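The values are calculated or read from the model by the stated rules, or taken from the named source; none is laboratory data. What you are looking at is a predicted structure, and each value in this text was computed from that prediction instead of being measured. Quick reminder, even Gly has a Cβ in these numbers, built from the backbone with ideal geometry, and neighbours come from all protein chains shown. In case anyone asks, the SASA skips ligands and DNA or RNA and just uses the protein heavy atoms, side chains included. Shrake-Rupley method; radii C 1.70, N 1.55, O 1.52, S 1.80 Å.
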Amino acid sequence: MPRAFITGITGQDGQHLAEFLHGRGYDVYGMVKGQNNPKATKLQEEMPFVELVPGDLADLPSLVAALQYAQPDEVYNLGAISFVALSFSQAELTANITGLGVLRMLEAIRMVGGGENNPIRFYQASSSEMFGKVRETPQTELTPFHPRSPYGCAKVFGHDIVVNYRESYGMHASSGILFNHEGPRRGMEFVTRKVTNAAARIKLGLQHELVMGTLDAKRDWGYAGDYVKAMWLMLQQDEPGDYVIATGQTHSIEDLVERAFAEVEIENWRDYVRQDPKFYRPAEVDLLIGDPSKAKEKLGWEREVDFPELIKMMVDHDLKREARRANIEL
Ligand code: GDP
């Protein structure tokens, strides 16, 4: 059986990818950090097939030990400080984990063997946030980077160091430049989930207001379940490479709010929404829209879930969850 090692296993993508790889017959190892990590306990209950291995992206020896134990064929580096807003207040931590963490993982692979004579294949979770103040629209693999947050800067370092290790040491190391991808497992701090959860709660009478930052920014939102398949496809290619993974469509935050409220049959959504500067960011990414042509051509990858289906999936999930928690019959 092929063996996969995933960092960030307790996050949204880690969970989707673990399920996907398990379904394809992989032995799945997931790295977890810290002592008595509540997310790890929950993951183990929900996905008993994953073997958890201790390790921390800030600690190179722990990465070496984890790889020596798991002996993986494929390493997926999804671990990061992933919330852009938090990266402004914890910039050094973000640089260390989201940026230098990639370098440490590549070094760990080299140490346990991952050069030309070693078959370990590596996937790096690069990000559309690297495009930031976009230089061209839509964004492709060749669009120059102009990150707008410590998170974006750290991801640029991670991306560039993957290219460098590929070129320097012949490693099979690939990067997926993933545009925003969402779903019912998305953390509540991200805008899609914050909005779908609020729409559900307002519908159920559990909440009366939704406090937002900018409504003007535009994102290319896809479904996380579709996107993890692209990660795997990249590692099945003979040659490593970089791929934009996106839907090719963009929507504003306002569209998102309107669509989520429409799902719960509330038309006058403006009556419930207030904007507060505390959710504004020091620098904003105004417009993201990716061109996934290369992924389609070389990987045969296409998104299956579109924007309206994605928002419906999330709102339906949140309605059921909130109703269950509040003992409300739907
Ligand atoms: P990001 O693209 O990785 O930053 O993903 P997010 O889901 O965190 O944010 C997407 C966009 O929504 C950004 O332009 C945010 O500024 C904007 N936004 C507006 N209001 C909010 C809010 O209340 N929370 C979050 N997370 N983002 C918001």
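Can you give me the convex hull volume of the Cα atoms of segment 15-141, divided per residue and expressed in Å³?
Working: hull volume 18.8 nm³, N = 127.
Dividing the Cα hull volume of segment 15-141 by its residues yields 148 Å³.
Put a dot 7 Å past the Cα of N37, heading toward its Cβ, do the same for K320, and the two dots end up 2.8 nm apart. In the context of the full set of protein chains, residues of the chain present 45 Å² of accessible surface per residue (probe radius 1.4 Å, heavy atoms only). Expressed as a whole percent, the accessible area of the chain that falls on carbon and sulfur atoms is 47 (1.4 Å probe). Let a ≥ b ≥ c be the square roots of the eigenvalues of the Cα gyration tensor of segment 1-66; is it rounded (a/c under 1.5), or, if not, prolate (a/b larger than b/c) or oblate? It comes out oblate by the Cα gyration axes. Considering the options Y169, F145, N197, tell which one lies farthest towards the positive end of the dipole of segment 69-224, charges being +1 on Lys and Arg and -1 on Asp and Glu at the Cβ, about the Cα centre. Of the candidates, N197 comes out farthest on the positive side. Counting only protein heavy atoms and using a 1.4 Å probe, the accessible area of I120 comes to about 10 Å². Taking all Cα pairs closer than 8 Å and separated by 6 or more residues, the relative contact order of the chain comes to 17 percent.
Take the convex hull of the alpha carbons in segment 133-279; its mean projected area over all directions comes to 10.1 nm². Between E92 and A65, residue separation times 0.36 nm minus the direct Cα-Cα distance comes to 7.2 nm.
Taking Cα centre as origin and charging only the Cβ of basic (Lys, Arg, +1) and acidic (Asp, Glu, -1) residues, the dipole magnitude of segment 156-205 rounds to 480 debye.
First measure r as the distance between the Cβ atoms of N268 and R110, then evaluate 1/(1 + (r/R0)^6) with R0 = 51 Å and state the FRET efficiency to the nearest 0.05. Walk me through the numbers before you get to the answer.
Details: r = 58 Å, r/R0 = 1.14.
For N268 and R110, the calculated efficiency is 0.30.
Residues T137, T98, ordered by accessible area of protein heavy atoms at a 1.4 angstrom probe radius and largest first, appear as T137, T98. What is segment 282-330 by shape, rounded, prolate or oblate, if you read a ≥ b ≥ c off the alpha carbon gyration tensor as root eigenvalues and call it rounded for a/c under 1.5, prolate for a/b larger than b/c, and oblate otherwise? It comes out oblate by the Cα gyration axes. Taking a ≥ b ≥ c as the square roots of the eigenvalues of the Cα gyration tensor of segment 77-133, is the shape rounded (a/c under 1.5), prolate (a/b larger than b/c) or oblate? Judged from the Cα gyration tensor, segment 77-133 comes out prolate (a/c at least 1.5, a/b above b/c). The largest-to-smallest principal axis extents of the Cα set in the chain are 62, 45, 38 Å. When the Gaussian network model of the chain links Cα atoms closer than 10 Å, the mean-square fluctuations of S168, S62, S126 top out at S168. About the centre of its Cα atoms, the chain shows a dipole size close to 580 debye [charges on the beta carbon of Lys, Arg (+1) and Asp, Glu (-1) only; nearest 20 debye]. Accessible area ranking (1.4 Å probe, heavy atoms, ligands and nucleic acids excluded), largest first, for Y243, Y69: Y69, Y243.
Compute, for segment 229-330, the length of the dipole vector about the Cα centre, with Cβ point charges of +1 (Lys, Arg) and -1 (Asp, Glu) only. Units Debye, rounded to 20.
Working: 15 positive and 23 negative charges, 79 e Å.
Here segment 229-330 has a charge dipole of around 380 debye.
Here the Gaussian network model covers the chain, with springs between Cα atoms less than 10 Å apart; of P144, P72, P292, P144 fluctuates the most. Note on S293/L206: beta-carbon distance plugged into 1/(1 + (r/R0)^6) with R0 of 41 Å gives a FRET efficiency of 0.40. Multiplying the residue separation of K133 and Q237 by 0.36 nm and subtracting their alpha-carbon distance yields 34.3 nm. All other residues whose Cβ lies under 9 angstrom from that of D318 are scored, Lys and Arg at +1 and Asp and Glu at -1, for a net of +2.
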